[in-house]
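The values are calculated or read from the model by the stated rules, or taken from the named source; none is laboratory data. Keep in mind it's a predicted model, so treat the numbers as computed, not measured. Here the Cβ is made from the backbone with ideal geometry for all residues, glycine too, and neighbour counts use every protein chain on show. With ligands, DNA and RNA removed, areas are computed over all heavy atoms of the protein, side chains included. Shrake-Rupley method; radii C 1.70, N 1.55, O 1.52, S 1.80 Å.
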Amino acid sequence: MLEVRDLQVNYGGITALRSVSLSVKQGEIVTLVGANGAGKSTLLGAVCGLVKPASGSIRFEGNDITGRKAHRLSRRGLILVPEGRRIFVNLSVTENLILGGYFRPKGAELDQDIEKVFSIFPRLAERRKQTAGTLSGGERQMLALGRGLMSRPKLLMLDEPSLGLSPLLVAEVFGVIEQIHAQGVTVLLVEQNAAAALGVADRGYVLETGKVVLEGGGAELAADGGVQRAYLGMD
Amino acid sequence: MDGAQLTQQIINGLTLGSLYGLIAIGYTMVYGILRLINFAHGDVLMVGCYIAWFAAVQFGLPWWVALMGSMVLTALLGVIIDQGAYRPLRRAPRISALITAIGVSFLLENLGLVIFGGRPKAFARPEVFNQIYEWGGVRVLSLSIWVPILTAVILAGLLLIIYRTRVGMAMRALSRDMVTVQLMGVDTNRIVAITFALGSALAAAGGVFWAMKYPQINPLMGILPGLKAFVAAVLGGIGNVVGAMIGGLLLGMAEILLVAWLPELAGYRDALAFVLLIGILIFKPTGIIGQELPE
Ligand SMILES: Nc1ncnc2c1ncn2[C@@H]1O[C@H](COP(=O)(O)OP(=O)(O)OP(=O)(O)O)[C@@H](O)[C@H]1O
Ligand SMILES: [Mg+2]
């Protein structure tokens, strides 16, 4: 479904990604782990069209999408839930969701999807008319996830969805991710919480200073000594 | 001043304030989403007046056709200016766009001088707006009644777009986060174009009413209303549409009442706007109902 080949991204003089290759197959959950500054967000940014790659290619559903504009890609079902939620704080909860489905036709189907998001996240339903700026961190993450779902994604890319959440909420968020996946959405998950991410993933990649240093099955990576030391906090 | 005179002055203040408000909205909307002060806005208004003048005086079209036509064509002009002059600079430092805006302003003024000539043209006031209404000693021009009413209608339509449509939602979201809206499938360039179109159309409406009130037009006529409307936008809290209208009304009212109460200061009327500007920048830079906008 997604094929990234030899991707290089530079910011001015610094190289954030060098020759990164990665793939996600239809129906998988793939996770990308790595330390701060490894280039995880840069990779997602390049895939969804927000960051221009210097070289390399990105294919989505068989088509070359390298350098395509972000708003066109999201209309094709390539959806990013960005790092730090980035909900629209000046809009209401419902408006955030409507904007998530911005390019879909108005009507019963869209309304049903809004209700579906509310049934996944009842806390949002209680706050549907509230300005999103009044939500707590956990609620904001739920709203960001729900907003992503409103576009009916084919590939959902999540950038650190568990960042800054309490352990209870982290579990809830991962539960939702598995639920979304069970409904047929392919997921590319970026996480610093490598233990939880590798736990739900079919496969994983380890990114270090702009390069893929390791890849393999989720359980396999979780058992890897290097990964355990570097990302799972084990000795 | 007796009650009748006061009523009369308040109506005049409302009328002038409505005009400032209509023009101020264009500044505030563009600033809200691009953080750009569109210095050419007043000159866009001037072009709108000439379009209406050609339609009404040269082609003898009814005033409302001239008004509508001017709003549509001026909207188009706003979009062309944005796409041609500002869009290539979206990623450039903000000062570049600002300087370009000043350049566009000079360009329009000088094109106006070359094409239309420097001599003012008479702008006939349509019959409906030229009646004198009189009751209880209050005498007002019908234009002074109609302008606030039409302004309210236009403002209501604009607020409907901003708060009840998806394009309006995208505008509001864009004003806070230009990057994330793209992830929702929003074509930011299209939304910016719509913003310029709406702001310019409102400037055309304000300009045409202005020309009916002070019934002549010239290529430099946009400068003063443009500057004052900018002050109104800052007064109300730049980036805020309702604030711009409130700022406009306050400024219009303040000018009229200054002249009415302190006639010896009438000569300072145009300076008042700038005194208020300095005052608000010192005491409440975010304006009356403004909130802090992210960079
Ligand atoms: N807009 C930018 N301009 C310049 N450098 C950038 C920019 N964005 C990221 N970088 C740099 O690129 C590198 C990779 O950053 P990136 O945000 O992709 O890392 P990350 O793996 O997502 O980190 P984190 O876990 O902290 O989110 C870092 O060194 C960062 O400083
Ligand atoms: Mg990141």
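Put simply, of A:214, A:165 the only residue that is in a loop (DSSP other than H, G, I, E, B) and more than 14 Å from every other protein chain (Cβ to nearest Cβ) is A:165.
Pairs meeting the criteria (first residue in segment A:182-199 and touching a residue at least 60 places away in the same chain (Cβ under 8 Å), second residue more than 13 Å from ligand 2 (Cβ to nearest atom) and part of a helix (DSSP H, G or I), beta carbons under 6 Å, at least 6 apart or on different chains) are A:187/A:181; A:189/A:197; A:191/A:197; A:194/A:231; A:198/A:218; A:198/A:221; A:198/A:222.
From B:190, B:164, B:139, B:176, grab the single residue that is open to solvent by 40 Å² or more (accessible area, probe 1.4 Å), in contact (Cβ under 8 Å) with a residue 60 or more places away in the chain, within 22 Å of residue A:95 (Cβ to Cβ) and charged (D, E, K, R). Walk me through how you get there before you give the answer.
Details: B:190 fails: in contact (Cβ under 8 Å) with a residue 60 or more places away in the chain; B:164 fails: in contact (Cβ under 8 Å) with a residue 60 or more places away in the chain; B:139 fails: within 22 Å of residue A:95 (Cβ to Cβ).
None of the other options fit; the residue is B:176.
Inspection of segment A:52-66 finds no residue satisfying the criterion of being open to solvent by less than 10 Å² (accessible area, probe 1.4 Å), within 14 Å of chain B (Cβ to nearest Cβ) and over 12 Å from residue A:143 (Cβ atoms). Restricting attention to segment A:67-80, the residues that are at the interface with chain B (Cβ under 8 Å from one of its Cβ atoms) and either farther than 15 Å from residue B:185 by Cα or not charged (D, E, K, R) (or both) add up to 5. Name the residue that is farthest from residue A:121 (Cα to Cα), counting only residues in segment A:181-218 that are of a type in the set (D, E, K, R) and open to solvent by 60 Å² or more (accessible area, probe 1.4 Å). Of everything passing the filter in segment A:181-218, A:211 is farthest from residue A:121 (Cα to Cα). Among residues of segment A:43-59 being among the β-branched types (Val, Ile, Thr) and free of Cβ contacts under 8 Å to residues at least 60 places away in the same chain, the one that is farthest from ligand 2 (Cβ to nearest atom) is A:58.
Condition first: of a type outside the set (S, T, N, Q) and open to solvent by 10 Å² or more (accessible area, probe 1.4 Å). Now tell me which residues in segment A:4-21 satisfy that. Walk me through it before giving the result.
First pass over segment A:4-21, keeping only residues of a type outside the set (S, T, N, Q): A:4-7, A:9, A:11-14, A:16-18, A:20.
Those that are of a type outside the set (S, T, N, Q) and open to solvent by 10 Å² or more (accessible area, probe 1.4 Å): A:5, A:6, A:11, A:12, A:13, A:14, A:16, A:18.
Answer with yes or no whether residue B:77 is open to solvent by less than 30 Å² (accessible area, probe 1.4 Å), modelled with pLDDT of 95 or more and either basic (Lys, Arg) or assigned to a helix (DSSP H, G or I) (or both). When the stated conditions are applied, residue B:77 does not pass them. Tell me, please, whether a residue that is surrounded by 13 or more Cβ atoms within 10 Å (Cβ to Cβ), without any contact (Cβ under 8 Å) to a residue 12 or more places away in the chain and not in a helix (DSSP H, G or I) can be found in segment B:119-131. Within segment B:119-131 (the criterion being surrounded by 13 or more Cβ atoms within 10 Å (Cβ to Cβ), without any contact (Cβ under 8 Å) to a residue 12 or more places away in the chain and not in a helix (DSSP H, G or I)), the answer is yes, since at least one residue qualifies. Criterion first (in contact with a Pro (Cβ under 6 Å, 6 or more places away or on another chain) and more than 16 Å from ligand 1 (Cβ to nearest atom)) does residue A:107 satisfy it? The answer is no for residue A:107. If you filter segment A:81-96 down to residues that are facing chain B (nearest Cβ under 9 Å), open to solvent by less than 10 Å² (accessible area, probe 1.4 Å) and of a type in the set (A, V, I, L, M), you find that the one that is nearest to the chain's Cα centre (by Cα) is A:81.
Considering only residues in segment A:99-137 that are touching a Ser or Thr at 6+ places or on another chain (Cβ under 9 Å) and within 19 Å of residue A:79 (Cα to Cα), the one that is farthest from the other protein chains (Cβ to nearest Cβ) turns out to be A:114.
So for segment A:137-150 (the condition being part of a loop (DSSP other than H, G, I, E, B) and open to solvent by 10 Å² or more (accessible area, probe 1.4 Å)), does at least one residue qualify? The answer is no, given that none of the residues of segment A:137-150 is part of a loop (DSSP other than H, G, I, E, B) and open to solvent by 10 Å² or more (accessible area, probe 1.4 Å).
Of all the strands (runs of 3 or more DSSP E) wholly in segment A:12-63, which have at least 3 residues that are near ligand 1 (Cβ under 9 Å from one of its atoms) and touching a strand residue (DSSP E or B) at 6+ places or on another chain (Cβ under 9 Å)?
Working: elements: A:14-24, A:29-33, A:55-60.
Ranges flagged: A:14-24.
Restricting segment A:162-180 to residues that are without any contact (Cβ under 8 Å) to a residue 40 or more places away in the chain and within 16 Å of ligand 2 (Cβ to nearest atom), the residue that is surrounded by the fewest Cβ atoms within 10 Å (Cβ to Cβ) is A:164.
Quick check on my filter: what residues within segment A:181-202 are in a loop (DSSP other than H, G, I, E, B) and within 16 Å of ligand 2 (Cβ to nearest atom)? Even if it seems obvious, please write down each step before you answer.
Just the residues of segment A:181-202 that are in a loop (DSSP other than H, G, I, E, B), to begin with: A:183-185, A:192-193, A:201-202.
Residues satisfying the conditions are A:192, A:193.
A single member of B:44, B:57 is open to solvent by 40 Å² or more (accessible area, probe 1.4 Å) and under 15 Å from residue B:208 (Cα atoms), and it is B:57.
Given the condition aromatic (Phe, Trp, Tyr), more than 10 Å from every other protein chain (Cβ to nearest Cβ) and free of Cβ contacts under 8 Å to residues at least 12 places away in the same chain, answer yes or no: does some residue in segment B:201-220 qualify? Yes. Residues in segment B:93-120 that are more than 16 Å from residue B:40 (Cβ to Cβ) and among the aromatic types (Phe, Trp, Tyr): B:116 only.
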